[in-house]
Amino acid sequence: MVTDTTTNHEPPRVLDRVVIRFAGDSGDGMQLAGDRFTTSSALLGNDLATLPDFPAEIRAPAGTLAGVSAFQVHISDHDILTPGDDPNVLVAMNPAALRANLPTLPPGATIIANVDAFDDRNLAKAGFEENPLADGSLSAYTVYEVPMTSITTEVCKEAGVKPRDAERSKNFFALGLISWLYTRPLDATIAWIEARFSSNPMVKEANLRALKAGFHFGETAELFESSYEVRPAPLEPGEYVNVTGNTAVAWGLVAASQVSGLPLFLGTYPITPASDILHELSKHKNFGVRTFQAEDEIAGVGAALGAAFGGALGVTTTSGPGLDLKAETIGLAISLELPLVVVDIQRGGPSTGLPTKTEQGDLLHAMYGRHGEAPLPIVAASTPSHCFDVALEAVRLAVKYRTPVILLSDGYLANGTEPWRLPDVERLPRIDPGFATAPNHTRPDGTEEFWPYVRDETTLARPWAPPGVAGLEHRIGGLEKSDGSGNVAYDGANHERMTRLRAAKIAGIAADIPLMEVDDEQGGATVLVVGWGSTYGAIAAGVRRARALGYQVAHAHLTHLNPFPPNLGDVLRSYHSVLVPEVNLGQLSRLLRAEYLVDAVSFTKVQGVPFRAAEIEAAILHQLDAEARRDDDTGGGWPVSPAGEQ
Amino acid sequence: MTDLAEPGAIPLTTRKDWTSDQEVRWCPGCGDYSILAAVQMLLPELGVSRESTVFLSGIGCAARFPYYMNTYGLHSIHGRAPAIATGLAATRPDLDVWVVTGDGDSLSIGGNHLIHALRRNINLTILLFNNQIYGLTKGQYSPTSEVAKVTKSTPFGSLEQPFNPLSLALGAEATFVARTHDMDRKHMMETFRRAHAHRGASFVEIYQNCNVFNDGAFAQITGKDHRSEMLVPLVHGEPIRYGPEGEHGVVLRPDGSISLVEVADVNESELLVHDEHRENPGLAFQLSRLSRGPFEPTPIGVFRDVQRAEYGAEMSRQVEETTVRKGPGNLQDLLRSGSSWTVS
């Protein structure tokens, strides 16, 4: 067994955490290598978080900076919140991968370079005038030069694979090497390769040989002083899987379909980074899931709305450009007051922007991006696994309040992973569609009829009466409707009443969502950090770091963005200052200022990547410093901590 | 639900049952009234139920149609009715879904949705009210207006080649394509009956007079005095001929084109025999372009009626077959379907 303990090395040194970044060309299989390493680590019981980072082009020119694809994974023996600020180990498959990632590599980090790829041509493509492996420019790092391509080609040649094809297995060599270095067993990866490539024995054999060669190289080359071990994290007992946000959204929607008894219909159009939800849901037809790849974004949401009219759970998935196109139909859904879930996996904008990079740029779009007074509930996921819960919550609100709901996730959550303790599905709360079954209005002559806009007194929701029930025939549409009967009505007083009713219905949801909980460990904080969505991990980690320095800081993280939790105003006003980090130019902070007249301080970044914990920590310290200066008027700069995540 | 009542069966409903309590608000004299009447008179004959019937529309004069039908109805947004209807028909194969649209709604802003609904063969009955003008926005040219049309938005005449709706539908792989006109209730009812009976997407173009903004657009062919000379009825299995005595006809030329002839000038056996079920849509396409506009002899009736798998039924089939093969989905198993591990 290749996983036997090594004999010619010291025992593995124990680390509490490590951040590894696999980087290579888009075609080098770095996402796959990272993903398999992650799975092995998950099976070992580490806590972990991942950050895939790839270009928008499928295959940018080989060897160039534009084509560099990377996968960062943070594994630890304790609870962690982010994929790590800076890698401890960089696997660089070529000079471009090295150059693209050097800026984030802290001194002392380890570089494992595929030395075969550092030829003149590749060095030139990456913009190196001298070979950095030879010119001493990497002296701050521990550099290991490994001939990955040539060894891989050699071992695969024995399996009868042509050198050109054999070279493609070098990602498995790298994976094998890193698996040895961090004492990950290969069993899971071997099983995966055998299943994945069962129909292509030659490729299977090549990948297996490359994987094992990498592992053996680590063991026998005496290049490395020792291997390392990151022990299992004390996770809560239970069954775990490692999920991406997009998978969790898809599973949450399936779960919502099951607990509501509503057949799931997804109408959508392929768009990065949302398409994987379509891919996942299209597999699950035995759950009664129907997926419809429409001719465009408008048809995707239109079909979902049509399905909702027919009594299905109508869902559409998209990203920013698609949300633009769906706006009119979402407005129609608001007017029709039908359940509809719109999942927006945010990416860098405006326009095509940064399709594969993350951003939180669509909050105000979700909030206001329709003509007329057109409020709807907005929920946002904080972590990859939280996407499951938020999908269920979006469906609950949509069905209960007969309204479109926008679920905001983003590219970071969509592709990032974390271990998720599986819920007991039997205990998931039921969602009652509450279909109308009988007429609800009596005419003056005593006969009964159905009025589609008679409202529930508590929720202000109207009845949902899909076609097929005799006696409930009715017509609805985008024209303003008469309160109650739903007949077309143009009079101003009725329009105002309906406008206020629609707004009150959404505002009233505040009474039906959890209160804002604050993580204020010692209870004495003056600074409250308020975030929403995928900044959760970085903010929580940044807050931990500030606390480790002896400061008291509170953290509140919003899942419901419209309406806000009912106590949010009180929470905000109970702190001296409110710091709002966002991966946009300050959208939540505007909403908070407008809604609560609090002097929220916006802290923003829009670089297509998540915040680093250190950045949040620095912003917190800066805010604490500003408070201190405000109190005693002494000066102060931006304190920055060099430490990694605690 | 049955598609058609037994022949001779007494209808269980009357026109009144299919008429909503809403006041019809089209302009007096609008062709839409006669189309509404034809539909309301046909439905009792089809043996279908009100609760299983849905009328869905976009925006435009024609799009008010659902409000006047005592069925389920949805008046949606401009051009999107075929897309919305797709979601409904794909999830509710038990329903009869009618889409009512106009030339602006379905050929301009909604062109994309129309062609894809036809291509996918969604089980919809699509009635396109073609009046060759924008009525609701008060008289701009439409994608079916003739070249050089002078309207409010084209005071020097339109520069655009119009769509031929039937050619477009045939090009979009439609399985049922027909044309009728608002001056002939019987022909409308017969055409709608056929369209309703067809499984899959049925496309019916209705020449419809807008007496306010484009009055008389079709008068040269649909006027009572002109019909026999100007309308070419298509009857499956019959030679295509028209005229008061059937003295005119259509022949297929050796070069593959079709043209109008005097029957007296040819052998009657040379007349083109209409075949709705021909797989190749080429001849139907040629018939759709026999006239250059509603001022030349124009074919009406069913141009094409072929069978092809219907999208919603196929979608249901995949769901059912997958469920039989894999068993009904188990949520807990789904969540475990990645590699799961247990922490004790």
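The values are calculated or read from the model by the stated rules, or taken from the named source; none is laboratory data. Worth saying up front: this structure is predicted, and the values here are computed from it rather than measured. Neighbour counts are summed over all protein chains in view; Cβ atoms, including those assigned to glycine, are modelled from backbone coordinates with ideal geometry.
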- Hey, any hits in segment A:182-203 for a residue that's away from chain B (no Cβ under 14 Å) and touching a Gly at 6+ places or on another chain (Cβ under 6 Å)? no
- Query: Any idea which residue in segment B:44-72 is nearest to the other protein chains (Cβ to nearest Cβ), counting only those that are under 16 Å from the mean Cα position of the chain (by Cα) and aliphatic (A, V, I, L, M)?
  - Reply: B:VAL54
- By residue number, the members of segment A:292-309 that are surrounded by fewer than 24 Cβ atoms within 10 Å (Cβ to Cβ) and part of a strand (DSSP E or B) are A:GLN293
- Task: With the condition kept exactly as written, say whether any residue in segment A:217-230 is in contact (Cβ under 8 Å) with a residue 12 or more places away in the chain, within 30 Å of A:ALA381 (Cβ to Cβ) and touching a helix residue (DSSP H, G or I) at 6+ places or on another chain (Cβ under 8 Å).
- Result: yes
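Yes or no: A:SER351 polar (S, T, N, Q), surrounded by 18 or more Cβ atoms within 10 Å (Cβ to Cβ) and either touching a residue at least 12 places away in the same chain (Cβ under 8 Å) or in contact with an Asp or Glu (Cβ under 9 Å, 6 or more places away or on another chain) (or both)?
Details: polar (S, T, N, Q): yes; surrounded by 18 or more Cβ atoms within 10 Å (Cβ to Cβ): no; either touching a residue at least 12 places away in the same chain (Cβ under 8 Å) or in contact with an Asp or Glu (Cβ under 9 Å, 6 or more places away or on another chain) (or both): yes.
The answer is no for A:SER351.
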- Query: How about segment A:480-503: which of its residues are within 12 Å of chain B (Cβ to nearest Cβ), touching a residue at least 12 places away in the same chain (Cβ under 8 Å) and either among the hydrophobic types (A, V, I, L, M, F, W, C) or over 17 Å from B:PHE55 (Cα atoms) (or both)?
  - Reply: A:GLU480, A:LYS481, A:SER482, A:SER485
- Query: Is there a residue in segment B:126-145 that is at pLDDT below 95, within 14 Å of another protein chain (Cβ to nearest Cβ) and more than 15 Å from the chain's Cα centre (by Cα)?
  - Reply: yes
- Query: Which residue pairs have Cβ atoms closer than 7 Å, lie 6 or more positions apart in sequence or on different chains, and pair a first residue in segment A:323-335 that is in contact (Cβ under 8 Å) with a residue 60 or more places away in the chain with a second residue that is part of a helix (DSSP H, G or I) and β-branched (Val, Ile, Thr)?
  - Reply: A:ILE330/A:VAL301
- Message: Please verify whether A:LEU408 is farther than 16 Å from A:THR247 by Cα, buried (at least 24 other Cβ atoms within 10 Å of the Cβ) and touching a Leu at 6+ places or on another chain (Cβ under 9 Å), treating the condition exactly as stated.
- Response: no
- Message: Only one of A:THR417, A:THR318 is under 30 Å from B:PRO93 (Cβ atoms) and polar (S, T, N, Q). Can you tell me which?
- Response: A:THR318
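In segment A:255-290, what residues are in a strand (DSSP E or B) and facing another protein chain (nearest Cβ under 9 Å)? First the steps, then the outcome.
Taking segment A:255-290 first, the residues in a strand (DSSP E or B) are A:264-268, A:290.
Listed by number, the residues that qualify are A:PHE265, A:GLY267, A:ARG290.
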- Wholly within segment A:1-99, strands (runs of 3 or more DSSP E) carrying at least 3 residues that are within 14 Å of chain B (Cβ to nearest Cβ) and modelled with pLDDT of 90 or more: A:47-53
- Task: Within segment A:498-506, identify whether any single residue is surrounded by 14 or more Cβ atoms within 10 Å (Cβ to Cβ), more than 24 Å from A:PRO566 (Cβ to Cβ) and not assigned by TED's automatic domain parsing to the domain that holds A:LEU572, and answer yes or no.
- Result: yes
- The lone condition A:THR220 fails out of (1) in the same structural domain as A:GLY310 (by TED's automatic domain parsing); (2) surrounded by fewer than 20 Cβ atoms within 10 Å (Cβ to Cβ); (3) not hydrophobic (A, V, I, L, M, F, W, C) is (1)
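Just to verify a result, which residue in segment B:73-96, among those that are more than 7 Å from chain A (Cβ to nearest Cβ) and assigned to a helix (DSSP H, G or I), is nearest to B:GLY135 (Cα to Cα)?
Restricting to residues being more than 7 Å from chain A (Cβ to nearest Cβ) and assigned to a helix (DSSP H, G or I), the top hit is B:ALA81.
Report, by residue number, each residue of segment B:19-37 that is in a helix (DSSP H, G or I) and either within 11 Å of B:ARG64 (Cβ to Cβ) or among the hydroxyl-bearing types (Ser, Thr, Tyr) (or both). Let's see the steps before the verdict.
The initial filter retains those residues of segment B:19-37 that are in a helix (DSSP H, G or I), namely B:32-37.
Selection gives B:ASP32, B:TYR33, B:SER34, B:LEU36.
Looking at segment A:549-592, what strands (runs of 3 or more DSSP E) fall wholly within it and have at least 1 residues that are out of contact with any helix residue (DSSP H, G or I) (no Cβ under 7 Å at 6 or more places or on another chain) and without any contact (Cβ under 8 Å) to a residue 60 or more places away in the chain?
On the way: elements: A:553-558, A:560-562, A:577-582.
Counting at least 1 such residues, we get A:553-558.
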- Item | Residue ranges of helices (runs of 4 or more DSSP H) in segment B:236-344 with at least 3 members more than 30 Å from A:GLU426 (Cβ to Cβ), of a type in the set (A, V, I, L, M, F, W, C) and away from chain A (no Cβ under 14 Å) | B:282-288
- First in segment A:194-205 and within 16 Å of A:ASN171 (Cβ to Cβ) and in contact (Cβ under 8 Å) with a residue 12 or more places away in the chain, second anywhere and assigned to a loop (DSSP other than H, G, I, E, B) and aromatic (Phe, Trp, Tyr), Cβ under 9 Å, 6 or more apart: A:VAL203/A:PHE197; A:GLU205/A:PHE197
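Look through segment A:291-319, keep the residues that are charged (D, E, K, R) and at the interface with chain B (Cβ under 8 Å from one of its Cβ atoms), and return whichever of them is nearest to A:ALA366 (Cα to Cα).
Checked segment A:291-319; the qualifying residue nearest to A:ALA366 (Cα to Cα) is A:ASP296.
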- Message: With surrounded by fewer than 14 Cβ atoms within 10 Å (Cβ to Cβ) and without any contact (Cβ under 8 Å) to a residue 60 or more places away in the chain as the only criterion, which of B:VAL273, B:VAL343, B:VAL251 stands out?
- Response: B:VAL273
- Query: Out of B:ILE84, B:ILE109, which single residue is of a type outside the set (Gly, Ala, Ser) and in contact with a strand residue (DSSP E or B) (Cβ under 7 Å, 6 or more places away or on another chain)?
  - Reply: B:ILE84
- Of the residues in segment B:18-35 that are touching a Lys or Arg at 6+ places or on another chain (Cβ under 8 Å) and small (Gly, Ala, Ser), the one that is nearest to B:TYR68 (Cα to Cα) is B:SER20
- Identity of the residue in segment A:421-445, in contact with a helix residue (DSSP H, G or I) (Cβ under 7 Å, 6 or more places away or on another chain) and surrounded by 14 or more Cβ atoms within 10 Å (Cβ to Cβ), that ends up farthest from A:GLY84 (Cα to Cα): A:PRO433
